[in-house]
1. What ratio of Cα Rg to 2.2 N^0.38 Å holds for region 224-310?
2. Over region 177-332, give the accessible area per residue in Å² for a 1.4 Å probe, as an integer.
3. Can you give the convex hull volume of the alpha carbon atoms of region 131-288 per residue, in Å³?
4. When a/c reaches 1.5 or more, the comparison of a/b and b/c decides; with that in mind, is region 198-274 rounded, prolate or oblate per its Cα gyration tensor?
5. What is the helix-to-structure angle for 115-135, meaning the angle in degrees between its Cα long axis and the longest Cα principal axis of the chain, kept from 0 to 90 and rounded to the nearest 10?
6. How about residue 327: which lysines have a C-alpha closer than 18 Å to its C-alpha, ignoring those fewer than 8 places off in the same chain?
7. For every helix of n ≥ 4 consecutive DSSP H residues, a contribution of -39,500 (n - 2.57) applies; sum these over the chain, divide by its total residues, and give [θ] at 222 nm rounded to the nearest 500 deg cm²/dmol.
8. Kindly rank 246-255, 60-69 from highest to lowest mean number of other beta carbons found within 10 Å of each residue.
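The values are calculated or read from the model by the stated rules, or taken from the named source; none is laboratory data. All values reported here derive from a predicted model rather than from experimental measurement. Glycine gets a Cβ as well: all are built from the backbone with ideal geometry, and neighbour counts include every protein chain shown. In case anyone asks, the SASA skips ligands and DNA or RNA and just uses the protein heavy atoms, side chains included. Shrake-Rupley method; radii C 1.70, N 1.55, O 1.52, S 1.80 Å.
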Amino acid sequence: MRIRISIIIALILAAALSAGSGHAWQDGSSPLESARRAYEASEYENAVQLLQSAATTDPRNGDIYILLTKSYIELAQYDAAYHSGERAVAIAPQSSVNHHILGKAYGEKADHSSFFTALSFAKKTYKEFEVAVGLDAKNYSVRQDLIEYYCRAPGIAGGDEEKGLAQIAVLQPLDAAEWHYALGNCRRQKKDFTSANTEFTKALESGAKRPELIYDVGDYAMKQSQPERLLAVANAGEKVDPADPRGLFYRGVAFVLRKERPEQVEKLLRDYVKRAPRRSGYPRPAAVHEWLGRLFEQQGKMGEAVKEYEAALQTDPKNKNAHEALKRLGKR
């Protein structure tokens, strides 16, 4: 009996050491790999737990802290997000990606703070973006964020349209689609929608390669009620990455705006919400419910429309369009 107990204890200790070693779990994956899977599945709390465990055994791994930063952002834990981002930058100060993600964390903190705190973090935001651009001239994602910041932010927070235009000029010989998108995005920030329309059309026609760029144009087209552009966005996005579900959403919205193919619309939107991660840059479930509500209104199915608008408010109580729709239907 003593021998068996000793063997059992030894096996338990060995398993514990293996789990905490940071090399492999029972399924053969490392804690970081498991955390990445959790993140991709939108299981952000689980990802954080796995990453915190991984950090205790591998504290000099910047990838752990970058994924922690991204997970905390999705959980709206902005203090934890920028602290993790600062740790990642301290570990790998020459990483453009690390500075970019830290800048994003600072930006989220700024957006959710009182004026003076927001101003401090806003300045930190664009400074991180500037460093990231300096480290990698072809990190188009961060350059676009820096351009948007320069074109949108007030001067007191570091906004400067001339600096934005200088950054845009750098893109012209590098990538035509990125260049036209940057021009359009800067004009969008200035409410010059006529110029923005022209440049966004050219960005799509120039063979845009980044889904984030393509679907941001989709978000713009949705807000501007432009069904033809939405269909162009869906086509471009699905060509670049057929597995990305956002094309389903924007195609469905286009058909609602055109008041056609109602059966296909419902399938497109419901398929999207099943497949899409709950993540920044992806239309939220509330938006799906809102557009389904609009679809059912068009069909005269008012009871079903009310249910969808109410579902939108359950997931996003600040959804203005759903509030107005229920008021219009006499339900709020």
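1. Details: Rg = 12.4 Å, N = 87, 2.2 N^0.38 = 12.0 Å.
Cα-based Rg divided by the globular estimate yields 1.04.
2. For region 177-332, the solvent-accessible area averages 49 Å² per residue.
3. 120
4. Values: a/c = 2.25, a/b = 1.35, b/c = 1.67.
Judged from the Cα gyration tensor, region 198-274 comes out oblate (a/c at least 1.5, b/c at or above a/b).
5. Tilt of helix 115-135: around 80 degrees.
6. 301, 307, 318
7. Working: 18 runs with 249 residues, N = 332.
The helix-only estimate for the chain comes to -24000 deg cm²/dmol at 222 nm.
8. On the way: 246-255: 25.7, 60-69: 21.9.
Averaged packing, sorted descending, gives the order 246-255, 60-69.
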